[in-house]
Each structure stands twice: as structure tokens, then as C-alpha cells.
Amino acid sequence: MPKDKKPFRSAHWYSKMDKDGFIHRSWMKNQGFPDHAFDGRPIVGICNTWSELTPCNSHLREIAEYVKRGVWEAGGFPLEFPVMSLGETQMRPTAMLFRNLVSMDVEESIRANPIDGVVLLGGCDKTTPAQLMGACSVNLPAMVISSGPMLNGKHCGSDIGSGTDVWKFSEKVRAGEMSQAEFMRAESGMSRSKGTCMTMGTASTMACIVEALGMSLPENGTLPAVDSRRFAMAHMTGRRMVELIKEDVKPSNIMTRTAFENAVKINAAIGGSTNAVVHLLAIAGRLGLDFNLQDFDDIGAKIPCIVDLMPSGKYLMEDLHYAGGVPAVMNKMHDRLDFNAMSVSGYTIGENISDAKCYNDEVIRNIDTPLREAAGIAVLKGNLCPKGAIIKPSAATPELLVHTGKAVVFENIEDYKARVDDANLDVNPEDILVLKGCGPRGYPGMPEVGNMALPRKILEQGVFDMVRISDARMSGTAYGTVILHVAPEADAGGPLAVVKNGDLISLNVPSRELKLHISDQELDQRLAGWVAPVQQYKRGYYKLYIDTVMQADQGADLDFLVGNSTAKVTRESH
Ligand code: FES
């Protein structure tokens, strides 16, 4: 290290020639690292959410090896470390319950260790936002390399998409239109390679958003997981990470308000997941940015969806990548994005995509012939959701976007499951299904049950969409006229808690209104008589979460995690 250069953070561990330096170096040498690994070079942490219980991230150990190649090549020293992983399809009661826990793991693992910057390896839905949240709270240089999507699913000669076709097939089986044997065959054809869901679900959405935010190299959002170019990108990410540390470019330098505005617009243009709302709000909260729920509507609602991918359209992530990926999408959006925003590549977003081409105008449409006009998230307000609720109009039935119906209320998920297919359930296609008790506190963890399956007697009438309202989230691969993230949630005493069977509810998306048709006096009386449910979770992380989680309109982060503690640790360990 030249004398005129400021030492890297890791030098506080490894440059000491005393007892402490001996301890820090000596034990690391038991892994076969040579003396020169500790000569003051940048140390790159590789934060890995690999797990066999997170199938979408199961190849991240392999990806990490390519990151290491790049780090060594650039004169850095890579050190891989695990953090808790979140397998969306495996964890109960919901992976979202643990997003904030992983963010704490990431934050403290980075801060406590001799790391100068970090490459974040995530993919499955919650792993990406959790890693970004933690990294933002430390604010050391960071880059993301994502798992990448699975190859397109195949079944009976057709492409099938993760999640989206599960919901479709499941409804068909319930309606008697698909056999159980065919359902089982589709199960094998859907997940044909390593990687994340290959629809525009939450994982793909967040990977594309990472690219839009400028936190990864271009094309990270769409390159298939098994494409050799993803491994080359991992190599280049490792190499670039060493430079980023030398340049001291931090997440707060990249993820500015402008970057978030670009991300909101890209989310609309790609038909991205509603889950991006809670994740971007939580990440912005860690950075202390002035960015709120209404921004999604103000900034993104008028942006057209130009990417024809499931669940809003028909193609899949492989198709999007071969059509040109996020760079081509950005290029087609022209002046709707701020191309001056910086990225971790060392170039602006505009410079990154200056020569991007679109190779398939059906997959990435032109801005004047979009898949859907005004496709961003709509933020609803009204006496049923004083702190807001959201809907993704591009995934909804257009005729239902202005609708009044009678509430059919389910008090919690168990009540819903017990009665939804009951032949005696009093429900008609024009009614509105209302589900309570599925918010951050209530479930706990705000699961993806908001796109509740329709009652069998409705499906048997050939009706496949109804207005549905809940304090839950929905899978990014799901679709329908589904109002989500109602805040405050029922278990926090929001008006949702006191909706009764037969109440009239009006949805008016163009005027952004969600209204419960009872008088203010009646609503006040019902709320005054509401009794909070007895809390059954009395210890451990569940208790911490329930006691401190914020509502969906604030990103459902834990209240004491908002903000940044920097990378400083003042005391030695011995
Ligand atoms: Fe992991 Fe969809 S379940 S990405």
C-alpha cells in the first residue's frame, strides 16, 4: 500500500504487527491464504444466500467461485460468507417474516468483519431486498450479482411460467378442466434448471430493479441462471468490485432518489411485482431517503408496460433476455428515465445502455404500442385504507377496475380455507372477497395470500376473476383484480378489521378510491368496539417482529432498523 493512500478498512484488522494482528491473520492462514493476501489489498466479502432449501439460489456457491476469480485478478482478496437464506416456496409461515432478520444478519456480518466492500449473491424473492437493506445500513461499497432466472418451463409443447401457470392449472383442476395426472406432469416441466422463477415474479422484478437502481452490471436482471455469460458476469462483478472499493463508491452514492424514481418506472415498464413496493420502501428507509408509497403512483402509474411477460403478458424471462433485457427496455423508454444516474459499473445508466438494441419487438414493445397503458402500481385511499392500499392494474380485469360489490368476509386464512369451497357459501361473481389477519403483524409476516383462489362455485360458472381485498401481499407471479397491502392492517386495528358480511364496498381505480359504504359514525362505533387479538407469540424473533414491524405503507421493516449505523466498530475483540 503506497504511503500516500488511505488504508482500507480491513487494515484495522490485518496491518497490525502486534498480538491482535497475529490473531486476525494467523487463524485465517489455516485456510491456506498466503502472506500477501494480508498486504493491505481490498478485501471483498461475498455475502452468499446459497442454500439447498432455497432452490432458486442453489447454484450461488458456483457463482461465488467466479466472483472470486475476478477479485483475485484485480488484486483483491475475496472471502465468502453465508447468511440466512429464504426459500420462498419452502418456508412457513412465509419467507417475508424473515426478510428483516436476514437484513440484520447481512448488516452485522458485514460490519463485524474485516471487509472493505461486498458482493451480494441473492435471487429468490426476499434474499435480494434483505441483502440490499443490510448493505445500505452499513454503506460500504456493494454490488449485486443475482441468481438469474430458470430456463422457460415446458409442458405439452408449450412454454409454462413459474407460479403464474401453477395458479392457472390449480384453478383448472378445481374447475374439473385438468386431470390430476396432467397437473403432476406440469410440476416437473415447470422447473427445468437452476435459477429463480422465470416469470416476472418478485425475484425477476427485484433483479431487474437492482439493474435499474444501478447496483449491478448491465444485463444482471435477465441473464438465465445457467447461461455461461452469467458466470462471466460474476467474474466481472468481482473484478469491478475491487475498483469500486478503491473509488470508495457507496450504495448511498448510487441509490439516490433519482435511482429510485428510475426503479419505479422500470417496475411499471416490465409489469413488475407488487412486492417491489414494500421492498423499495424498506431499502429507501435504510438510506434515509425521502421516498414514500405515494411516489409509486405519482412517478410510475402513467408509465406503460412494454414488456410482454407473464403474469401481465405471455412471454418468459429467457425471451426477455434474448430480446435485449433491461438495457433494451431502458433504451425504449427514452426520456422517461434519468440516464444521468450513476451505476456501479462506473458509468451512468445512459452510458451503460447507449448501444443497447431490441431484438424482438413483440417481447419488448415500443412505447407507443405498449402491452398496457398506464401500468404502474396504483395507490388507493379511502375509509377502508387510511394509510393506503395498492393494486396492479396491468394484472387486473379492466372491467373490474370500477366496481361496487357486497363484501364476503373471511376473518383469517383458516376461516377462508374452511369455507371458500363450501357449497353453502353466499357468494356471487359481483361480490368482493375480503380477507383479514394477513398483514405484517396478523399472520405474522404478510404472506402472499392476497390473490386468494376463487370459490369453487364461482369457478364452475366460468368466472376466473373477482375483486379481492386484503392486508396481505400477493406473489409477483399472480394476477387478478387484487387489492393488497391495506394499511393499517386488520390486526393493527385498521378499518379492514370491522368490515362485515354484506357491507357494500366500492373500488374506483381511476379515482384511486377504496370505499366502505358505511357512515363515519358507524365506522367509529365499530372501531371503538374492536378488540385486538390476543398475541400468541411471546418469545424469540416472532415476538420482536410483531412488536416492532411497521405497516406495509412503510415497507414493513422493523422500526428500529430504519436508517444507517455506518461501518464503524470501535472496539477490538481481544
Ligand atoms: Fe424463488 Fe420464485 S420461488 S424465485
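The values are calculated or read from the model by the stated rules, or taken from the named source; none is laboratory data. No experiment lies behind these values; they were computed from the predicted model shown. Cβ placement follows ideal geometry from the backbone for every residue including glycine, while neighbour counts extend to all protein chains displayed.
Quick one: what pairs do we get from the stretch 43-60, first residue touching a residue at least 60 places away in the same chain (Cβ under 8 Å) and over 14 Å from THR237 (Cα atoms), second within 12 Å of the ligand (Cβ to nearest atom) and of a type in the set (Val, Ile, Thr), C-beta under 6 Å, 6+ apart or different chains?
Between residues of the stretch 43-60 that are touching a residue at least 60 places away in the same chain (Cβ under 8 Å) and over 14 Å from THR237 (Cα atoms) and residues that are within 12 Å of the ligand (Cβ to nearest atom) and of a type in the set (Val, Ile, Thr), the close pairs are THR49/THR127; CYS56/THR196; ASN57/THR49.
Go through the stretch 234-256 and count every residue that is in contact with a helix residue (DSSP H, G or I) (Cβ under 8 Å, 6 or more places away or on another chain) and either part of a helix (DSSP H, G or I) or surrounded by fewer than 19 Cβ atoms within 10 Å (Cβ to Cβ) (or both).
At the first step, the residues of the stretch 234-256 found to be in contact with a helix residue (DSSP H, G or I) (Cβ under 8 Å, 6 or more places away or on another chain) are 234-242, 251-252, 254-255.
Within this subset, residues satisfying the condition of being either part of a helix (DSSP H, G or I) or surrounded by fewer than 19 Cβ atoms within 10 Å (Cβ to Cβ) (or both) are 234-242, 251-252, 254.
So the answer is 12.
Out of the residues in the stretch 462-506 that are among the polar types (S, T, N, Q) and at pLDDT 95 or above, which is farthest from PRO311 (Cα to Cα)?
Filtering first and then ranking leaves ASN501.
Does the stretch 193-208 contain any residue that is among the small types (Gly, Ala, Ser), at pLDDT 95 or above, surrounded by 24 or more Cβ atoms within 10 Å (Cβ to Cβ) and out of contact with any Gly (no Cβ under 9 Å at 6 or more places or on another chain)?
no
Restricting the stretch 476-494 to residues that are under 15 Å from the mean Cα position of the chain (by Cα) and within 16 Å of the ligand (Cβ to nearest atom), which is surrounded by the fewest Cβ atoms within 10 Å (Cβ to Cβ)?
ALA478
Please work out if ILE110 is at pLDDT 95 or above and within 16 Å of the ligand (Cβ to nearest atom). I'd like the intermediate steps shown before the answer.
On the way: at pLDDT 95 or above: yes; within 16 Å of the ligand (Cβ to nearest atom): no.
When the stated conditions are applied, ILE110 does not pass them.
Which members of the stretch 146-161 meet the condition of being touching a residue at least 60 places away in the same chain (Cβ under 8 Å) and either of a type in the set (A, V, I, L, M) or more than 30 Å from VAL118 (Cα to Cα) (or both)?
MET150, LEU151, ASN152, GLY153, ASP159, GLY161 - these are the residues of the stretch 146-161 that are touching a residue at least 60 places away in the same chain (Cβ under 8 Å) and either of a type in the set (A, V, I, L, M) or more than 30 Å from VAL118 (Cα to Cα) (or both).
Looking at the structure I just gave you, is LEU558 surrounded by 13 or more Cβ atoms within 10 Å (Cβ to Cβ) and more than 30 Å from SER252 (Cβ to Cβ)?
Here the answer is no, as LEU558 does not meet what is asked.
Can you tell me which residues in the stretch 507-543 are closer than 30 Å to GLU399 by Cα, over 29 Å from the mean Cα position of the chain (by Cα) and surrounded by 15 or more Cβ atoms within 10 Å (Cβ to Cβ)?
LEU516, ILE518, LEU523
Restricting to the stretch 398-439, name every residue that is in contact with a His (Cβ under 9 Å, 6 or more places away or on another chain) and either exposed (fewer than 14 other Cβ atoms within 10 Å of the Cβ) or of a type in the set (Ser, Thr, Tyr) (or both). Step through it out loud before you land on a result.
Residues of the stretch 398-439 in contact with a His (Cβ under 9 Å, 6 or more places away or on another chain): 404, 430, 432, 439.
If the condition is that a residue be in contact with a His (Cβ under 9 Å, 6 or more places away or on another chain) and either exposed (fewer than 14 other Cβ atoms within 10 Å of the Cβ) or of a type in the set (Ser, Thr, Tyr) (or both), then THR404, GLU430 are the ones that fit.
Within the stretch 269-289, track down each residue that is at pLDDT below 95 and not polar (S, T, N, Q).
GLY271, GLY272
Looking at the stretch 88-100, is at least one residue away from the ligand (no atom under 16 Å from the Cβ) and in a helix (DSSP H, G or I)?
yes
Just the residues that are within 21 Å of ARG230 (Cβ to Cβ), in a loop (DSSP other than H, G, I, E, B), of a type outside the set (Phe, Trp, Tyr) and within 16 Å of the ligand (Cβ to nearest atom), please, taken from the stretch 36-81.
Matches in the stretch 36-81: THR49, SER51, GLU52, THR54, SER58, HIS59.
Given the condition surrounded by fewer than 15 Cβ atoms within 10 Å (Cβ to Cβ) and among the basic types (Lys, Arg), answer yes or no: does some residue in the stretch 371-384 qualify?
no
The conditions are (1) on the phi < 0 side of the Ramachandran plot; (2) surrounded by fewer than 17 Cβ atoms within 10 Å (Cβ to Cβ), and GLY462 fails exactly one of them. Which is it?
(1)
Failed condition for THR222, given (1) part of a helix (DSSP H, G or I); (2) within 16 Å of the ligand (Cβ to nearest atom); (3) hydroxyl-bearing (Ser, Thr, Tyr), with all others met?
(1)
Applying the selection to the stretch 270-291, what residues are touching a residue at least 40 places away in the same chain (Cβ under 8 Å) and over 16 Å from the mean Cα position of the chain (by Cα)?
LEU287, GLY288
Within the stretch 438-475, track down each residue that is among the charged types (D, E, K, R) and touching an Asp or Glu at 6+ places or on another chain (Cβ under 7 Å).
Hits for the stretch 438-475 are ARG441, ARG456, ASP471, ARG473.
Among (1) surrounded by fewer than 16 Cβ atoms within 10 Å (Cβ to Cβ); (2) in contact with a Phe, Trp or Tyr (Cβ under 9 Å, 6 or more places away or on another chain); (3) not acidic (Asp, Glu), where does SER85 come up short?
Looking at each condition in turn, SER85 falls short on (1).
State which residue pairs qualify: first residue modelled with pLDDT under 95 and inside the stretch 238-249, second residue surrounded by fewer than 19 Cβ atoms within 10 Å (Cβ to Cβ) in any location, beta carbons under 7 Å apart, and separation of 6 or more residues or different chains.
Correct list of pairs: empty, since none qualify.
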